[in-house]
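Encoded as structure tokens, the structure appears first; notes follow it.
We did not get these values from a lab; they are worked out from the coordinates using the rules stated. None of these values were measured; they are calculated from a predicted model. Positions of Cβ are generated from backbone atoms using ideal geometry, with glycine treated the same way; all protein chains shown enter the neighbour counts.
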Amino acid sequence: ILFPTYLNPQAQSPTAQQEIALVREVLEQAVIFCARTKSLDDFDGYFSQLKVYYKDIQNGNVPTSNSKMLVQGLNLVRLLVGKRTAEFHSVLEQIPRSDHTNMYIKFPVQLERFLMEGS
């Protein structure tokens with residue numbers, strides 16, 4: 001990829017906002033594809049790259065992602081499926097409380113409660 005901001009999101013570029021949004025969208029689609037094909041190792045790799053675009057890049061000019069909640073919800077489900085409950089709770093704490101009502105976040109939270117009640 002020949003975007004100046006791909007390897008260095010802080011790089012100066014006249015199209016930096018568009019580049020950041022495009023790379024973020026490509027990574028989100030890769031995560032969704034990996035979830036559909038049940039490729040959890042690849043999911044983990046793409047999601048790790050994507051976290052940089054969700055957490056570290058605080059550029060107010062980049063539009064918010066329409067897929068962010070879906071991808072975060074898929075990650076929470078992946079953690080539950082992998083029996084990584086401690087990491088699930090750690091990731092959940094990083095998601096703003098106001099987003100916990102989103103259906104993509106609410107589902108894994110309810111699933112985790114049902115799993116804990118059933119144990």
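So here's what we get for this one:
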item	result
Per-residue ³J(HN,Hα) for segment 17-27, Karplus 6.51 cos²θ - 1.76 cosθ + 1.60, θ = phi - 60°, Hz, x for Gly and Pro	4, 5, 5, 4, 5, 5, 5, 4, 5, 4, 5
Only Lys, Arg (+1) and Asp, Glu (-1) charged, at Cβ; segment 49-119 dipole about Cα centre in debye	100 debye
Calculated on alpha-carbon atoms, Rg and Dmax of segment 65-119 in Å	10.6, 36
